[in-house]
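These notes concern the structure reproduced below.
The values are calculated or read from the model by the stated rules, or taken from the named source; none is laboratory data. What you see is a predicted model, and the numbers here were worked out from it, not measured in a lab. Heads up, the Cβs are rebuilt from the backbone with ideal geometry, glycines too, and the neighbour counts pull from every protein chain shown. Heavy atoms of the whole protein, side chains included, go into the accessibility calculation; ligands, DNA and RNA do not. Shrake-Rupley method; radii C 1.70, N 1.55, O 1.52, S 1.80 Å.
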Amino acid sequence: MSPERHKITVMDSAGEMGDEIQPRSYWRWSKQDFFPEDSFQNWSAYRSALSHTVTRLKDRVASCSEDADEIEELKKQSENEMKRCLSWWDLTWFGFGSVIGAGIFVLTGQEAHEHAGPAIVLSYVASGISAMLSVFCYTEFAVEIPVAGGSFAYIRVELGDFAAFITAGNIILGSIAGGAVVARAWTSYFTALLNRHPNSLRIHTNLTDGFNLLDPIAVAVLVITSIIAISGTRRTSYFNWIASAVNMVVILFVIVAGFVHANTSNLTPFMPHGAKGIFVAAAIVYFAYGGFDNIATMAEETKNPSKDIPLGLLGSMSIITLIYCLMALSLSMMQKYTDIDPNAAYAVAFQRVGMKWAKYLVALGALKGMTTVLLAGAIGQARYATHIARVHMIPPWFALVHPKTGTPINATLLIRLASACIALFSSLDVLSSLLSVSSLLTSTMMAVALLVRRYYVRGITPRNNLLKLTFLVLVIIVSSVGTSAYWGLDPNGWLGYTVTVPLWFLATLAISVLLPQERIPKVWGVPLVPWLPSLSVAINLFLMGSLGAQAFIRFGICTVVMLIYYVIFGLHATYDIAHQPKKPTSSKISEDDIEKPKA
């Protein structure tokens, strides 16, 4: 944004000001930068806002955004635009950099040892199918709404402001926990590289088990990768290319060398804990696919989103799914699942088959992989936070984009400093299950949002069709939850599925037959709608149900904290922004802009 346009924005948001005002510095700390909304101007205004909490909550639940607002209007909150400098090639490598890291190198060993055994490869197949279905949904939205907000922006358009807040809370929770998980894993592999015990560089304390090993190295890694990320997206992309290329060479070595030293007897018993163990592991290793949504958040920095995002997302995720399955199989064939080291599985496995030197190569490759995950994560997660701040769910100070670097420095610091605090004391098993719940819930909401986008357009779809869609989507969700619950209660039973599975099938079929699609994507869209998004809902909820009760207790506590924050701040800030006078715009979507299917 130019200095003159910046001057107009300041005048519009701050009231009467002189014509000679100069552009404001990026580094500023006034109350107006954090709490500019009317509800926070004084204690009297805040008490008045709190007294209208119920009314405002009803307004926010029923309120949805528009494509044009997300694409054009909200960008003004950042004062400076992000630089369009990425191609599909950059996005593909960012896909590798975002995804391949701690998940495959750490969670594979952990889950093969604890839950799945050699059938860990099937866990990766199950979670890979779920992730790929989510990728389809993300891709369609990212092409049509190319903004930094990713799933938050998409759900805000289709499911409303309150549902978007739930998504925002999960995104921020996932971003903070995800960075902490990878940073802790970085320390484990660094100690393997030094031929030391995984916890030898952590500080032992008398805190509760799971929080008693302080990890200053994880904090340092988070800080360093954040500094690189905020220096510029293009520069980070170059670094990501190099590190990811090296990482891919190491991965190919792991796969080939693993099969060379394979012993098929290690695959017996293949399913030591039965099908339940496979899906428990699948729910947790879903985290290994996490990060693909970071590509969608780079839409504002992509040269041609309609072409580059589908190529980058679908291309990278297809290859990654194959790589994961091959790596999981090679590990299971090298070692008996009971002997797998859950902290540094691949490095220790090569050491035990006589390739001690390979242990260091694998550890080095894993470190490079996790470094690129942290780099790409710093970019994607900060862009989520930037767009969340643009709508004032968190203070708008975090929406600012630096005029020289073209990066959201404040948002990067918000996510990464919080990650550093968590990484300092929380263990991997505490974080990974919590992260899986958050990621799977967001993916489920994305699939629901896609169904709504295809079958409902405000002001056009008849109310009767809206009621049908709402009822059928609820049946899909309830039947999917029922299938998951029955699985948890009786893994070897079958009677309950004769009710829940047909209900899911009939509800999906009813949407397909009874409701016309109101919107057909003009460039790229999910195939086989409503079947694929409905299947995505079912699989995601099934995997969520496979997680232990402790994960949901932790997630519930985090959700309560989020809702308290929303009632105290987010609700009133977003209400004020939504009801302030807006300038007329001609970029809203009209009925003529919607391409309907041919009869």
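Going by accessible surface with a 1.4 Å probe and the largest first, 249, 537 read 249, 537. Go through 307/468; 75/404; 58/468; 75/468; 31/76; 303/468 and tell me which ones have a Cα-Cα distance over 28 Å in this structure. Over 28 Å Cα-Cα: 307/468; 75/468; 303/468.
What you get for the chain, charging only the Cβ of Lys and Arg (+1) and of Asp and Glu (-1), is a dipole of about 680 debye around the Cα centre.
Ordering 80, 370, 476 by Cα displacement along the dipole of the chain toward the positive end leaves 370 in first place; charges were set at the Cβ atoms of Lys, Arg (+1) and Asp, Glu (-1). Candidate membrane-span-like segments in the chain, meaning DSSP H helices with Cα atoms spread over at least 20 Å of their own axis and a Kyte-Doolittle mean of -1.0 or above, are 120-144, 161-193, 216-230, 233-260, 305-334, 356-390, 409-425, 428-455, 463-489, 497-514, 531-545, 549-565, with no membrane implied. Taking all protein chains as they are arranged and a probe of 1.4 Å, the heavy atoms of residue 552 leave approximately 80 Å² accessible to solvent. With just the Cα atoms defining each centre, how far is region 135-176 from region 402-421? Give it in Å. The distance from the Cα centre of region 135-176 to that of region 402-421 comes to 19 Å. Computed over protein heavy atoms with a 1.4 Å probe, the accessible surface of the chain works out to 40 Å² per residue.
The residues neighbouring residue 135, those whose beta-carbon lies less than 15 Å from its own, together hold a net charge of -3 under the Lys/Arg +1, Asp/Glu -1 convention. Ordered by solvent-accessible area of protein heavy atoms (1.4 Å probe), largest first, the residues 88, 241 come out as 88, 241.
Residue 35 sits with roughly 80 Å² accessible to a 1.4 Å probe, with DNA, RNA and ligands left out of the calculation. For residue 368, the solvent-accessible surface with a 1.4 Å probe is about 70 Å², rounded to the nearest 10. Dipole of the chain computed with +1 at Lys/Arg Cβ and -1 at Asp/Glu Cβ about the Cα centre; of 128, 579, 499, farthest Cα towards the positive end is 128.
From its DSSP helices (H runs of at least four residues, each -39,500 (n - 2.57)), the chain gives a residue-normalised ellipticity at 222 nm of -21000 deg cm²/dmol. For region 62-546, give the percent of accessible area contributed by carbon and sulfur heavy atoms, probe 1.4 Å, rounded to a whole number. About 69 percent, which is the carbon plus sulfur part of the accessible surface. For residue 256 and residue 509, the difference between the fully extended length at 0.36 nm per residue and the C-alpha to C-alpha distance is 86.6 nm.
Average 1/r across all pairs of distinct alpha carbons in the chain, invert it, and you get the Kirkwood radius: 24.8 Å. Taking a ≥ b ≥ c as the square roots of the eigenvalues of the Cα gyration tensor, region 253-296 is oblate, since a/c reaches 1.5 or more and a/b is not larger than b/c. For the pair region 257-335 and region 353-388, the centres of their Cα atoms are 15 angstrom apart.
Dividing the alpha-carbon Rg of region 492-584 by 2.2 N^0.38 Å yields what? Computed over Cα atoms of region 492-584, the ratio equals 1.64. Could you tell me whether region 432-569 comes out rounded, prolate or oblate from its Cα gyration tensor? Rule is a ≥ b ≥ c as square roots of the eigenvalues, rounded for a/c under 1.5, then prolate if a/b exceeds b/c, otherwise oblate. It is oblate, given that a/c is not under 1.5 and a/b is not larger than b/c. Averaging the Cα positions of each part gives two centres, and for region 44-97 and region 511-560 these lie 22 Å apart.
Solvent-accessible surface of protein heavy atoms, probed at 1.4 angstrom with all chains present, puts 73, 300 in the order 73, 300, largest first.
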